[in-house]
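Presented below is the structure to which this report refers.
Please treat every number below as a calculation from the coordinates, not as lab data. Computed from a predicted model, the values in this text were never measured in an experiment. FYI the Cβ positions are ideal-geometry reconstructions off the backbone, even for glycines, and counts take in every protein chain you see.
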């Protein structure tokens, strides 16, 4: 099927509902035949995503920087782990390896990846679908910011660059309908 890039948090301090969300996504992606591409960590949502996908017989490829190998605790049980030199190389490799991008709840790193993917899409660098999972209304304020920026003409076509879903099942239905 498809290689699905997932942006998410490596923090272990977040509520368990987000960890469970990442695990659910990982298992459902691989049960539907998709490959998971992600940031290569064994902790937080990243670890839950990868472990769940692997536990369900999936293929999981991680991409991590050398600097983050210890900080994010690189996952040593993946199908493959690519270590790159910079965050830019990591984001570029993750986007290039993916057919689709899913952005789960996360912090500044996740937001940076999400906005860079949108910016690159606006510039025509890629045409890949980008999906934002608004789990438990996590992104409501961000979506209001984007809408306000759009209304003020700072972001004239950003909303066309990504789709928002409230549930994993609806998001996966969208991905599967494209195949």
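Pairs of alpha-carbon atoms within less than 8 angstrom and 6+ residues apart define the contacts here; what relative contact order does the chain have, in percent?
Reported as a whole number, the value is 21 percent.
Quick one: if you stick a label point 7 Å off each Cα along the C-beta vector at residue 32 and residue 12, how many nm between them?
3.1 nm
Expressed as cubic angstrom per residue, what is the convex hull volume of the alpha carbon set of the chain?
Numbers: hull volume 18.9 nm³, N = 179.
So the per-residue hull volume is 105 Å³.
So, R0 is 45 Å and r is the distance between the beta-carbons of residue 153 and residue 55; what FRET efficiency does that work out to, to 0.05?
Computed FRET efficiency for residue 153 and residue 55: 0.45.
Rounded, prolate or oblate: which fits the range 1-86, taking a ≥ b ≥ c as square roots of the Cα gyration tensor eigenvalues, rounded meaning a/c under 1.5, else prolate when a/b beats b/c?
Oblate.
Can you tell me how much longer the chain between residue 122 and residue 136 gets when fully stretched, taken as 0.36 nm per residue apart minus their C-alpha distance, in nm with one decimal?
2.3 nm
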